[in-house]
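Chemist: After the structure tokens below, expect a handful of questions from me.
Read-outs throughout are calculated quantities, based only on the coordinates presented, and are distinct from any laboratory measurement. Bear in mind the structure is a predicted one, so any value in this text is a computation, not a measurement. All Cβ positions, glycine included, derive from the backbone under ideal geometry; neighbour counts span all protein chains shown.
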2 protein chains.
Amino acid sequence: MRNFRIIIQYEGTRYQGWQKQGSTENTLQGKFEQLLSRIAGVETQIHASGRTDAGVHAYGQVANFLMDTKMSPQEMMEQINRYLPEDVAVISCVEAAPRFHSRLNAVSKTYRYRILNSPVPHVFDRKFVWQMEEKLDLGRMRQAAAILCGTHDFAAFTSAKKSKKSTVRTITDIRIEKVGDEVVLTFEGDGFLFHMVRILTGTLVEVGTGKRPVSDIEKVLSQRQRELAGPLVPAKGLALMEVRY
Amino acid sequence: MRNFRIIIQYEGTRYQGWQKQGSTENTLQGKFEQLLSRIAGVETQIHASGRTDAGVHAYGQVANFLMDTKMSPQEMMEQINRYLPEDVAVISCVEAAPRFHSRLNAVSKTYRYRILNSPVPHVFDRKFVWQMEEKLDLGRMRQAAAILCGTHDFAAFTSAKKSKKSTVRTITDIRIEKVGDEVVLTFEGDGFLFHMVRILTGTLVEVGTGKRPVSDIEKVLSQRQRELAGPLVPAKGLALMEVRY
């Protein structure tokens, strides 16, 4: 069995996220496993670096799968792309070491959240930005972001039910940039909890509009209560950009 | 009556072009006139710099309309955008001189055609590029483009039926650039005939693949026969970028 490592792009708009849940849902994992099983002629599983939620996009999702085949990685990529709908594509395919696992070996992930901070709508990027008109103070947002960076218990910043699993994560960087009429937030870390990037963004936006003081952030982190953090912002502004190994 | 001049962006994918033809068609002109008539309370017409064909996009279509209103241009823009579907937006609105006419006063137009020159599909730009895998020789294409620039009879480069109207136009510039895995053609001229940019692109692509010698271009221009020029490339790669006055 050979181990193929692929980089996948998708527009998440019409999918119920990466992870397969039942047979009736339109998920990316489901789509890929159906297609790979057809290519291989036997049931074939795929592992991604992590799940992305319904409506979230990916520019650089990484996944791997095992297959007994004589195809070259290039041929494999072309074969998969032939079957994929046009809102999904494999943009790279290489043969990986037999033990490579795209989720277990991932060391960092980069997510990007795009806020269209303008009253003028964006026709061409409308499915990839969240529009909010209220002016954002980037200086304040950067102060709050600096507090969020580092290793913390992010229990307040997830929609996941309380469980025994650790909610401690390390954020290595949060960049907040003005790009034209957008405010773009780039999060880098060793991993992110369910809804974490979108709740972090919702909280930083409240700091940016002045609704919440910068000093609030430490309190939210230490009290570990979801209700104390900001709102969950829409999925469509979010994209998984890169996974590092 | 005040004269409003607006800049419009649209994704042309689901429209049958700018120009209204019948009441049942989904055209941008039809959409705007319906909406402006509702705002004004009386039948209101709109004039664009020119028609764009079905499926063609616009980043900077210019149009104007007369309305008896007390609204500021800013309010007018917001009001229109409130009614527009999300694949169309007004990105600028100013009050123009009473005699300003967006078609009659236009002095130059810029169109862009994007060719994805790669076997790897583009998920995010799929509706805005035409994918063709065969390698293009940009040097040859630029030589051919240089011959097309200037004032010529472009009768061979239009799908319009022969008529008494002049088919002489002036192309001031054709830029051909490699941008990542795309080849981007930018056409600037005083005006373009029906399908002209897409037939010019189809002809330049044939020069780029070696199917047609550079020296062919002069012959096609002088013989004025549609059959001698290259194929009409798909609408989705084309966009109206800018209109100058």
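Chemist: I'd like the orientation of helix B:28-40 relative to chain B: the angle between its Cα long axis and the longest Cα principal axis, in ° from 0 to 90, rounded to 10.
Modeler: Helix B:28-40 and the main axis of chain B meet at about 10 degrees.
Chemist: Given the options A:L66, A:G150, A:I176, identify the residue whose Cα lies farthest towards the positive end of the charge dipole of chain A (+1 on Cβ of Lys, Arg; -1 on Cβ of Asp, Glu).
Modeler: Looking along the dipole axis, the top candidate is A:G150.
Chemist: Grab the beta carbon distance between B:E227 and B:A146, set R0 = 22 Å, and tell me the FRET efficiency rounded to 0.05.
Modeler: Result of the calculation: an efficiency of 0.40.
Chemist: To continue, here is another question. Treating only the Cβ atoms of Lys and Arg (+1) and Asp and Glu (-1) as charged, compute the dipole magnitude of the range A:56-119 about its Cα centre; round to the nearest 20 debye.
Modeler: 380 debye
Chemist: While we're here: Give the residue from A:T27, A:Y15, A:H57 lying farthest towards the positive end of the charge dipole for the range A:2-96; charges sit on Cβ (+1 for Lys and Arg, -1 for Asp and Glu) and the dipole is referred to the Cα centre.
Modeler: It is A:T27, whose Cα lies furthest towards the positive end.
Chemist: Here is the link list: B:K127/B:K162; A:K127/A:K161; A:K236/B:K127. Which ones come out longer than 21 Å on Cα distance?
Modeler: Beyond 21 Å: B:K127/B:K162; A:K127/A:K161.
Chemist: What FRET efficiency, computed as 1/(1 + (r/R0)^6) with R0 = 60 Å and r the Cβ-Cβ distance, is obtained for A:E75 and B:S37, rounded to the nearest 0.05?
Modeler: 0.60
Chemist: Which of B:R226, A:R112 comes first, and how do the rest follow, when ranked by fewest Cβ neighbours within 10 Å?
Modeler: If I rank by nearby Cβ atoms, fewest first, I get B:R226, A:R112.
Chemist: Can you tell me how chain A classifies by the Cα gyration tensor, rounded, prolate or oblate, using a/c under 1.5 as the rounded cut?
Modeler: Prolate, because a/c is 1.5 or more and a/b exceeds b/c.
Chemist: In addition: Measure nothing but the geometry: give the 0 to 90° angle between the long axis through the Cα atoms of A:138-148 and the longest principal axis through the Cα atoms of chain A, rounded to 10°.
Modeler: So the inclination is approximately 70 degrees.
Chemist: Label position 7 Å from Cα toward Cβ: report the copy-to-copy distances for B:Q45 in nm, one decimal, ordered from shortest.
Modeler: 6.8
Chemist: Here is a further query. Could you work out, residue by residue across B:6-15, how many beta carbons of other chains sit within 10 Å of that residue's beta carbon, and then give the average as an integer?
Modeler: Neighbouring Cβ atoms belonging to other protein chains average 1 per residue here.
Chemist: Divide by every residue of the protein assembly as shown the summed helix terms, -39500 (n - 2.57) for each DSSP H run of at least 4, and state the resulting mean residue ellipticity at 222 nm, rounded to the nearest 500 deg cm²/dmol.
Modeler: Calculated from helices alone, the mean residue ellipticity at 222 nm is -7000 deg cm²/dmol.
Chemist: Relative to the first principal axis of the alpha-carbon coordinates of chain A, what is the inclination of helix A:196-209, with its axis defined by its Cα atoms, in degrees from 0 to 90 and to the nearest 10?
Modeler: 30 degrees
Chemist: Determine the dipole magnitude for the protein assembly as shown: charges of +1 sit on the beta-carbon of Lys and Arg, -1 on that of Asp and Glu, nothing else is charged, the reference point is the Cα centre, and the result goes in debye to the nearest 20.
Modeler: That gives the protein assembly as shown a dipole magnitude of about 300 debye.
Chemist: Using 17 Å as the cut-off for backbone N distance, which residues of the range A:92-122 belong to the label zone defined by a point 7 Å from the Cα of A:S163 along Cα→Cβ?
Modeler: A:103-104
Chemist: Note the full-extension length gain between B:Y245 and B:T170 as 0.36 nm times their separation in residues minus their Cα-Cα distance, in nm to one decimal.
Modeler: 25.4 nm
Chemist: Distances from A:V168 to the same residue in each other copy, label points 7 Å out along Cα→Cβ, in nm, shortest first?
Modeler: Ordered by increasing distance: 8.1 nm.
Chemist: Average partner chain C-beta neighbours within 10 Å, per residue of B:118-127?
Modeler: Whole-number average of other-chain Cβ neighbours for B:118-127 is 6.
Chemist: Only four residue types carry charge here, +1 at the Cβ of Lys and Arg and -1 at the Cβ of Asp and Glu. Report the dipole size of chain A about the Cα centre in Debye, rounded to the nearest 20.
Modeler: 620 debye
Chemist: With the Cα gyration tensor of the protein assembly as shown giving a ≥ b ≥ c as the square roots of its eigenvalues, does the rule (a/c under 1.5 for rounded; else a/b larger than b/c for prolate; else oblate) give rounded, prolate or oblate?
Modeler: Oblate is the answer for the protein assembly as shown, as a/c is 1.5 or above yet b/c matches or exceeds a/b.
Chemist: So for the pair A:L138, B:E133, with labels modelled 7 Å out along Cα→Cβ, what separation do we get in nm?
Modeler: Spacing of the two 7 Å Cα→Cβ label points: 4.2 nm.
Chemist: Oh, and also: Per 0.36 nm of contour for each residue apart, how much would the distance between B:K219 and B:E25 grow if the chain were fully extended, relative to their Cα-Cα spacing?
Modeler: Using 0.36 nm per residue and subtracting the Cα-Cα distance, I get 65.9 nm.
Chemist: Placing the label point 7 Å from Cα along the Cα-to-Cβ direction, what are the distances from A:D137 to the equivalent spots in the other copies, shortest first, in nm to one decimal?
Modeler: Spelled out, the distances from A:D137's label point are 6.2 nm.
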